[in-house]
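Participant: Would you mind keeping the following structure in view while I ask a few things?
The values are calculated or read from the model by the stated rules, or taken from the named source; none is laboratory data. Keep in mind that what you see is a predicted model, and the values were worked out from it rather than measured. Note: ideal-geometry Cβ built from the backbone for every residue, glycine included; neighbour counts use all protein chains shown.
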């Protein structure tokens, strides 16, 4: 099955300043005993085996031990309620890793599947600010970090991170964060965030 997806990605986790896991290619442990994270993709343009999946969003919630590379992750998925049954099935295949692509590399690390729920997803990219809202119980807004030495220039970037969304990430901080759903309940305001465009194909 051939597919391609392009769009934007938002992340928020409970690590301080910049997530060590994402910044180190998953070599370094998280800041706390458990890593709780929201991973959100908005697909600006996409096609999966001939099905148009443009303007759809998918959100994953994650709970893992401090050393993420050791596995035993708990992961659940929110699927955009605007997706048709066919779109949802094909997107779920990609974001569960069953259809190949970057997420497939993470499948061996997942110890518990928290399931999938269909929900309204609002994903907004507004300059340096990025926000995702899922139903009434999940809302996260992050802001890309900028250097005080060049506030109007390009934001700092991490490169060659081995992150599944993109090897290049823009560090951000969470302006607000409230996450309840799929058996997880956490808040990571003023904690680590990332944003990046993504382009996947298989």
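Participant: Within region 16-42, how many residues turn out to be within 20 Å of residue 129 (Cβ to Cβ) and in contact with a helix residue (DSSP H, G or I) (Cβ under 8 Å, 6 or more places away or on another chain)?
Facilitator: Qualifying residue count for the region: 1.
Participant: What's the total number of residues in region 179-202 that are modelled with pLDDT under 95 and buried (at least 20 other Cβ atoms within 10 Å of the Cβ)?
Facilitator: Qualifying residue count for the region: 0.
Participant: Can you tell me which of 127, 111 is in contact with a strand residue (DSSP E or B) (Cβ under 8 Å, 6 or more places away or on another chain) and over 14 Å from residue 175 (Cα atoms)?
Facilitator: Numbers: 127 fails: in contact with a strand residue (DSSP E or B) (Cβ under 8 Å, 6 or more places away or on another chain).
Within the list 127, 111, the selection yields 111.
Participant: Also, quick follow-up: Quick one: residue 162 ticks every box in (1) modelled with pLDDT under 95; (2) more than 24 Å from residue 69 (Cβ to Cβ); (3) within 17 Å of the chain's Cα centre (by Cα) bar one, so which box is it?
Facilitator: If we test residue 162 against (1) modelled with pLDDT under 95; (2) more than 24 Å from residue 69 (Cβ to Cβ); (3) within 17 Å of the chain's Cα centre (by Cα), just (2) comes out false.
Participant: Write out, first by first residue and then by second, each pair whose Cβ atoms fall under 6 Å of each other, whose residues are 6+ apart or on separate chains, and whose first residue, in region 156-167, is touching a residue at least 24 places away in the same chain (Cβ under 8 Å) while the second is part of a loop (DSSP other than H, G, I, E, B) and buried (at least 20 other Cβ atoms within 10 Å of the Cβ).
Facilitator: From residues that are touching a residue at least 24 places away in the same chain (Cβ under 8 Å), there are no pairs.
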